[in-house]
Amino acid sequence: MDSNKNNELIIRLQNDDKEAFDELYREYYSAVYYNILKLTRDSIAAEDILQEVFIALWEKRCDLDAEQEISGWLFVVSYNKSISYLKRKLKESLAQAVLQQNTENTTDTGNSLFNIRMSILEKAIEQLSPQKRKVFELCKLQRKTYAEAADELHISKHTVKEYLSGAVISIKNYVKQYPEYYVIFFSLIYLKLWLFV
């Protein structure tokens with residue numbers, strides 16, 4: 001979409017023009033949907049997130065900058081909502097595994113144990129170098145291939161593999177400091193989640 005048309009549609013949208021909103025939806029819904037689907041790999045979730053993105057567009061219409069491309073805004077919002085969805089899904093899966101394990105012990109400490117384990121895991125990820133953390137997020141949370149991560153970060157596939165391997169080793173070593181919570185890793189293996197290559 002050319003910049004004049006972009007500016008016109010944003011200005012109309014800011015003036016509560018529903019036809020401008022419909023035109024933006026028709027122009028971008030397909031590209032935004034496939035971007036979300038690529039991240040989530042879940043068509044139902046992608047449809048829900050797509051609706052959230054365009055609801056946000058309508059709600060935030062007065063805050064938009066008519067000089068900026070609306071496509072950039074839509075893709076940033078869709079990316080952020082997709083990552084939030086993946087993080088929620090991960091926490092729910094881990095919570096389910098931990099609670100399943102805790103039902104064998106029938107104690108009231110299931111939630112507190114889960115919170116402690118999640119805190120340890122999050123700290124383990126936080127202690128990674130920025131580059132290793134980014135590779136870990138791309139390959140394990142977003143499930144991108146080495147080639148996709150390499151392309152996004154402008155590094156080689158070999159470097160991606162090395163960073164990811166180093167990240168996994170660092171996380172495992174960090175969690176080993178808490179042997180009573182090492183079951184996190186067994187839960188993640190069982191669920192085939194994003195921690196192990």
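Readers should treat all values here as calculations from the given coordinates under stated rules, not as data from a laboratory. In this text the structure is predicted, and so the values were computed from the model without any measurement. Every residue, glycine among them, receives a Cβ derived from its backbone with ideal geometry; neighbour counts consider all protein chains shown.
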**Tally, over segment 49-76, of residues that are among the acidic types (Asp, Glu), outside any helix (DSSP H, G or I) and surrounded by 13 or more Cβ atoms within 10 Å (Cβ to Cβ)** = 1
**Asked** Considering segment 1-17 alone, what residues qualify as being exposed (fewer than 12 other Cβ atoms within 10 Å of the Cβ) and not in a helix (DSSP H, G or I)?
**Response** Asp2, Asn15, Asp16
**Message:** Every residue in segment 18-48 that is touching a residue at least 60 places away in the same chain (Cβ under 8 Å) and either of a type in the set (Gly, Ala, Ser) or assigned to a helix (DSSP H, G or I) (or both), please.
**Reply:** Leu39
**Asked** Considering segment 122-154 alone, what residues qualify as being of a type in the set (Asp, Glu) and under 17 Å from the mean Cα position of the chain (by Cα)?
**Response** Glu122, Glu126, Glu137, Glu148, Glu152
**Positions within segment 121-142 being in contact with a Leu (Cβ under 8 Å, 6 or more places away or on another chain) and part of a loop (DSSP other than H, G, I, E, B), in sequence order** = Gln142
